[in-house]
1. Any residue that is in contact with a strand residue (DSSP E or B) (Cβ under 8 Å, 6 or more places away or on another chain), in contact (Cβ under 8 Å) with a residue 12 or more places away in the chain, open to solvent by 70 Å² or more (accessible area, probe 1.4 Å) and not in a helix (DSSP H, G or I) - is there at least one of those in the range 82-105?
2. Go through the range 170-196 and give me each residue that's part of a helix (DSSP H, G or I) and within 18 Å of Phe75 (Cβ to Cβ).
3. When you look at Tyr181, is it free of Cβ contacts under 8 Å to residues at least 40 places away in the same chain, of a type outside the set (A, V, I, L, M), in contact with a strand residue (DSSP E or B) (Cβ under 8 Å, 6 or more places away or on another chain) and within 29 Å of Pro55 (Cβ to Cβ), yes or no?
4. For the subset of the range 117-140 comprising residues that are without any contact (Cβ under 8 Å) to a residue 60 or more places away in the chain and open to solvent by 10 Å² or more (accessible area, probe 1.4 Å), which member is nearest to Gln66 (Cα to Cα)?
5. Can you tell me which residue in the range 106-116 is modelled with the highest pLDDT, limited to those that are outside any helix (DSSP H, G or I) and either among the charged types (D, E, K, R) or over 24 Å from Pro54 (Cβ atoms) (or both)?
6. For the range 30-58, how many residues meet the condition of being touching a residue at least 24 places away in the same chain (Cβ under 8 Å), in a loop (DSSP other than H, G, I, E, B) and either among the hydrophobic types (A, V, I, L, M, F, W, C) or surrounded by 11 or more Cβ atoms within 10 Å (Cβ to Cβ) (or both)?
7. Which of the residues that make up the range 59-81 are small (Gly, Ala, Ser), in contact with a helix residue (DSSP H, G or I) (Cβ under 8 Å, 6 or more places away or on another chain), in a helix (DSSP H, G or I) and surrounded by 15 or more Cβ atoms within 10 Å (Cβ to Cβ)?
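The values are calculated or read from the model by the stated rules, or taken from the named source; none is laboratory data. Values in this document were obtained by computation on a predicted structure and should not be read as measured data. With ideal geometry, Cβ positions are generated from the backbone for all residues, glycine too; neighbour counts draw on all protein chains shown. Accessible surface areas use protein heavy atoms only, side chains included; no ligands, DNA or RNA. Shrake-Rupley method; radii C 1.70, N 1.55, O 1.52, S 1.80 Å.
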Amino acid sequence: YWPEGQTSQKMIDWLRHADLALVVNADILRVYEDAGIPAAYWQIGFETPEGQLPPVKRHDVLFLGQNYNNHRREFGDALLSLTGEGIDVGIYGNYWVNADSPPEIVAKADYIYPDCTYDFLQGTALYQNAKVTVANNPFPNALGFVSNRMVEALKAGGAIMLHQYVRGLQDLMGLIPGVHYVEWRTYDELKNWIRYFLDPAHEAERRTIVTAAYEYVQQYHSFDARIRQ
């Protein structure tokens with residue numbers, strides 16, 4: 001994402017020796033255009049690691065990610081608040097609980113699991129075995145930027161993805177809210193969507209969205225598809 005490094009004068013000078021710059025943050029395209037750098041938006045694909053999927057816990061709600069700022073902490077707190085309703089929340093990442101954490105966070109430590117950022121087999125297994133997976137947008141003003149976890153979750157074909165609004169995502173990636181994933185903007189909206197899709201009455205709707213996402217991502221967001229693109 002980070003535009004500072006990608007738009008520094010040193011990077012601009014270096015890119016003048018390249019035929020094409022490919023970015024996952026479409027905001028940078030305007031800077032490159034002004035500098036005369038040929039560039040295009042080229043989002044990440046999903047990984048296809050070799051090996052057997054490991055046994056994992058089955059969570060109602062799953063989030064894979066680090067706690068690196070107050071915005072992410074608020075997001076985690078919103079998820080953990082659902083545990084009081086008997087909802088099984090699994091957060092896999094670093095920095096969620098430490099020696100300086102307040103008592104109310106330490107009390108939720110049973111819902112925090114070790115980071116598995118680059119363990120794609122475990123990530124896939126977790127996504128396949130969860131009912132709902134969630135993601136926030138730490139850069140709300142960015143155009144078309146999403147973490148690789150979005151395509152990893154959608155290609156797993158297990159959990160429905162609830163993703164915070166991303167500007168330009170449908171135009172750039174073809175992912176349609178309500179068809180391939182569910183979009184949310186506020187924490188209250190996120191929690192209501194979680195309750196909605198955990199209700200057995202909406203299981204058929206949940207599976208329809210999961211299946212549509214799986215089929216679309218397999219066709220358009222693999223690395224084979226990226227090379228053809």
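1. Narrowing the range 82-105 to residues in contact with a strand residue (DSSP E or B) (Cβ under 8 Å, 6 or more places away or on another chain): 82-83, 87-93, 96-97.
Cutting the leftovers down to in contact (Cβ under 8 Å) with a residue 12 or more places away in the chain gives us 82-83, 87-93, 96-97.
With open to solvent by 70 Å² or more (accessible area, probe 1.4 Å) added as a condition, the list becomes none.
Looking for residues that are in contact with a strand residue (DSSP E or B) (Cβ under 8 Å, 6 or more places away or on another chain), in contact (Cβ under 8 Å) with a residue 12 or more places away in the chain, open to solvent by 70 Å² or more (accessible area, probe 1.4 Å) and not in a helix (DSSP H, G or I), one finds none in the range 82-105, hence no.
2. Listed by number, the residues that qualify are Tyr187, Asp188, Glu189, Leu190, Lys191, Asn192, Trp193, Ile194, Arg195.
3. Details: free of Cβ contacts under 8 Å to residues at least 40 places away in the same chain: yes; of a type outside the set (A, V, I, L, M): yes; in contact with a strand residue (DSSP E or B) (Cβ under 8 Å, 6 or more places away or on another chain): yes; within 29 Å of Pro55 (Cβ to Cβ): yes.
Yes: the conditions hold for Tyr181.
4. Out of the qualifying residues, it is Thr117.
5. Asp115
6. Count: 13.
7. Looking only at the range 59-81, we keep the residues that are small (Gly, Ala, Ser), and these are 65, 76, 78, 81.
Checking the rest, the ones that are also in contact with a helix residue (DSSP H, G or I) (Cβ under 8 Å, 6 or more places away or on another chain) come to 65, 78, 81.
Of the ones still in play, those that are also in a helix (DSSP H, G or I) are 78, 81.
Of everything in the range 59-81, just one residue is small (Gly, Ala, Ser), in contact with a helix residue (DSSP H, G or I) (Cβ under 8 Å, 6 or more places away or on another chain), in a helix (DSSP H, G or I) and surrounded by 15 or more Cβ atoms within 10 Å (Cβ to Cβ), namely Ala78.
Rundown of residues vs (1) outside any helix (DSSP H, G or I); (2) among the hydroxyl-bearing types (Ser, Thr, Tyr); (3) open to solvent by less than 20 Å² (accessible area, probe 1.4 Å), yes/no style:
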{"site": "Val146", "(1), (2), (3)": "yes, no, yes"}
{"site": "Arg149", "(1), (2), (3)": "no, no, no"}
{"site": "Leu154", "(1), (2), (3)": "no, no, yes"}
{"site": "His163", "(1), (2), (3)": "yes, no, yes"}
